[in-house]
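Participant: What follows is a single structure, and I will ask about it in a moment.
The values are calculated or read from the model by the stated rules, or taken from the named source; none is laboratory data. No experiment lies behind these values; they were computed from the predicted model shown. As a convention, Cβ positions derive from the backbone with ideal geometry for all residues, glycine included, and neighbour counts pool all protein chains shown. The area values use the complete protein model at the heavy-atom level, side chains included, leaving out ligands, DNA and RNA. Shrake-Rupley method; radii C 1.70, N 1.55, O 1.52, S 1.80 Å.
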Amino acid sequence: MEIGGLAALAVTAALCALVLKKQVPELALVLSLAAGAVLLWKALEAVSGVRGLMDSLARTAGLSPEVWKPVIKVVGIGILTRLAASVCRDAGEGSVAAFLETAGTALALFTALPLVETVFDTLGGLL
């Protein structure tokens, strides 16, 4: 499915959820989550191709796969945090969303520490 199909799915689900929200808000939330799951599944299929290319480029450049792992993890943490926070806001829980975003930021920083350490080790070796 290309972006046109994904956009059509998203707009259709959003309009249906908007109509349902007046009568059955719980069903509207379930519809939004289901549409989000389908969209996320399709996005993950695209990301797997990008991961393969990144691994190939890392091998060509002589970089260890350990260098790329924190980058991939931080991107995943960011995407999941943003999606979950949006769902929380849609459910009317803005404070939970704010706490989740703070926790996601802290976890992303913690996950990136090995990459920062590798950069400093490399710089120390050059000096």
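Participant: Across segment 2-11, which residue is nearest to Asp90 (Cα to Cα) among those that are of a type outside the set (Gly, Ala, Ser) and surrounded by fewer than 12 Cβ atoms within 10 Å (Cβ to Cβ)?
Facilitator: Result: Val11.
Participant: Only residues in segment 1-13 that are touching a residue at least 40 places away in the same chain (Cβ under 8 Å) count as the first member; pair them with residues that are surrounded by 11 or more Cβ atoms within 10 Å (Cβ to Cβ), Cβ under 7 angstrom, at least 6 apart or cross-chain, and list the lot.
Facilitator: Within 7 Å, the pairs are Met1/Lys42.
Participant: Mind telling me which of the residues Leu15, Leu29 ends up being more than 15 Å from the chain's Cα centre (by Cα), modelled with pLDDT of 90 or more, over 30 Å from Phe120 (Cα atoms) and not small (Gly, Ala, Ser)?
Facilitator: Answer to the check: Leu15.
Participant: Does Ala17 satisfy being without any contact (Cβ under 8 Å) to a residue 24 or more places away in the chain, touching a Phe, Trp or Tyr at 6+ places or on another chain (Cβ under 8 Å) and either open to solvent by less than 60 Å² (accessible area, probe 1.4 Å) or of a type in the set (Gly, Ala, Ser) (or both)?
Facilitator: no
Participant: Does Gly5 satisfy the criteria of being under 30 Å from Trp68 (Cα atoms), at pLDDT 85 or above and not in a loop (DSSP other than H, G, I, E, B)?
Facilitator: Considered against the rule, which asks whether it is under 30 Å from Trp68 (Cα atoms), at pLDDT 85 or above and not in a loop (DSSP other than H, G, I, E, B), Gly5 comes out as no.
Participant: Kindly provide the set of residues from segment 30-53 that are open to solvent by 60 Å² or more (accessible area, probe 1.4 Å) and not β-branched (Val, Ile, Thr), ordered by number.
Facilitator: Taking segment 30-53 and keeping what is open to solvent by 60 Å² or more (accessible area, probe 1.4 Å), we get 30, 33, 38, 41-42, 44-48, 50-51, 53.
Leu33, Trp41, Lys42, Leu44, Glu45, Ala46, Ser48, Arg51, Leu53, listed by residue number.
Participant: Looking at segment 26-44, I want the residues that are under 13 Å from Ile3 (Cα atoms) and part of a helix (DSSP H, G or I) and have a partner that is open to solvent by 60 Å² or more (accessible area, probe 1.4 Å) and among the aliphatic types (A, V, I, L, M) with Cβ atoms under 6 Å, at least 6 apart or on another chain. Which pairs are those?
Facilitator: So the pair list comes out as Lys42/Met1.
Participant: Go through segment 54-71 and give me each residue that's modelled with pLDDT of 80 or more, open to solvent by less than 80 Å² (accessible area, probe 1.4 Å) and among the hydroxyl-bearing types (Ser, Thr, Tyr).
Facilitator: The one that is modelled with pLDDT of 80 or more, open to solvent by less than 80 Å² (accessible area, probe 1.4 Å) and among the hydroxyl-bearing types (Ser, Thr, Tyr): Ser56.
Participant: Okay, next question. One residue is enough: does segment 104-119 have a residue meeting the conditions of a type in the set (Gly, Ala, Ser) and touching a residue at least 60 places away in the same chain (Cβ under 8 Å)?
Facilitator: no
Participant: What about Ala85, is it open to solvent by less than 60 Å² (accessible area, probe 1.4 Å), touching a helix residue (DSSP H, G or I) at 6+ places or on another chain (Cβ under 9 Å) and in contact (Cβ under 8 Å) with a residue 60 or more places away in the chain?
Facilitator: Answer is no for this residue.
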